[in-house]
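The structure appears right after this line, and notes come after that.
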Amino acid sequence: MQAVEIRPDSGKSLSDEHLEFIESGESEALDAQQILSWGIEHFSPDLSLSCSFGAPEGLVVLDMMHRIDATSRVFTIDTGRLPQATHDLVDRVRDRYAKRVEVLFPSEGHVREMTEAHGTNLFYESVSRRQHCCWVRKVEPLRRHLATQRAWVTGLRRDQGVTRSETRKIEIDHVNGGVVKLNPIADWTHERVMEYVRSHNVPVNRLHGAGYPSIGCEPCSRAVAPGADPRSGRWWWEKPETRECGIHVEEEQGSGI
Ligand code: SF4
């Protein structure tokens, strides 16, 4: 597979003052709105929110960002395997906020090459094939987009699992080419997220009501029992340590599978 062109460490284009602020960890004392306001002030329009439309966190951050700046940008990745409920939610959000949702797509050539070689359901065969599918359908389109950005925003929370426990509110994202990464609700609990959803009437994915706490692609997401680990419905056939798509952590990728 062809390597993705990543802009050279764009974190280096930050002023010394910004870098010092990020590296000092002072941002940990800021609340979510202050983190977002800082990002919007310093990086707009080269800053955008990543929203999967499959978890309430991204929608909460979208709502907060929109209240700070109605022109704030949001993007999602149409992997080609999303459930209909997720597409429906994208439309609801467009209507509710009168907002453009930027949709990223995988490379048609990469999808064809992968499915012709390994079939369309290769992700059930091994961790490396699952990661390869996530790379083609999610990571590569994301990195193409981030190569045009100075900063991005996520709805990551530390208590979402072992792979996210070290998340900082503002960090340099070396996994994705050195852009600045804002995680404004890193220290929020699930209960706080749901309280925001209720109090601000934030639209969320209807599959949550069917027992899906976290929704990704349709073949890789399932409902879980009440009280179970919310991430346990994603790639449930794998160990918890590997249940990431590669967007937020460096994973072994490549075409040699
Ligand atoms: S979640 Fe599943 S279908 Fe979607 S990109 Fe990853 S492996 Fe492929």
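Structure notes:
Every residue, every condition in (1) crowded, with 22+ Cβ neighbours inside 10 Å; (2) away from the ligand (no atom under 11 Å from the Cβ), yes or no:
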| position | (1), (2) |
| --- | --- |
| Met114 | yes, no |
| Glu125 | no, no |
| Val136 | yes, no |
| Trp152 | yes, yes |
| Leu156 | yes, yes |
| Glu171 | no, yes |
| Ala186 | yes, yes |
| Arg198 | no, yes |
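- Selection of the range 156-202 for residues being among the small types (Gly, Ala, Ser) and outside any helix (DSSP H, G or I) yields Gly161, Ser165, Gly177, Gly178, Ala186.
- In the range 158-169, the qualifying residues are those that are over 25 Å from Ile68 (Cβ atoms) and in contact (Cβ under 8 Å) with a residue 60 or more places away in the chain, and the one that is surrounded by the most Cβ atoms within 10 Å (Cβ to Cβ) is Gly161.
- Taken as a whole, the structure places Val180 among residues that are within 15 Å of the chain's Cα centre (by Cα) and among the aliphatic types (A, V, I, L, M).
- Residue within the range 217-229 that is buried (at least 19 other Cβ atoms within 10 Å of the Cβ) and either in a loop (DSSP other than H, G, I, E, B) or modelled with pLDDT under 85 (or both) present: yes
- Every condition in (1) farther than 27 Å from Asp63 by Cβ; (2) in contact (Cβ under 8 Å) with a residue 40 or more places away in the chain is met by Gly109 except one, and the failing one is (2).
- Criterion: free of Cβ contacts under 8 Å to residues at least 40 places away in the same chain and buried (at least 20 other Cβ atoms within 10 Å of the Cβ) - qualifying residue of Val60, Val74: Val74
- For the range 103-148, a residue qualifies if it is of a type in the set (D, E, K, R) and within 22 Å of Val175 (Cα to Cα), and the qualifying residues are Arg129, Arg130, Arg137, Lys138, Glu140, Arg143, Arg144.
- The set of residues in the range 119-155 being in a loop (DSSP other than H, G, I, E, B) and of a type in the set (S, T, N, Q) consists of Thr120, Asn121, Ser126, Thr148, Gln149, Thr154.
- Within the range 172-211, the set of residues being more than 27 Å from Arg143 (Cβ to Cβ) and either in contact with a Ser or Thr (Cβ under 6 Å, 6 or more places away or on another chain) or free of Cβ contacts under 8 Å to residues at least 24 places away in the same chain (or both) comprises Glu191, Arg192, Glu195, Arg198, Ser199, Asn201, Gly209, Ala210, Gly211.
The values are calculated or read from the model by the stated rules, or taken from the named source; none is laboratory data. Note that this is a predicted model, so its numbers are computed, not measured. Glycine also receives a Cβ, built like all others from the backbone with ideal geometry; neighbour counts cover every protein chain displayed.
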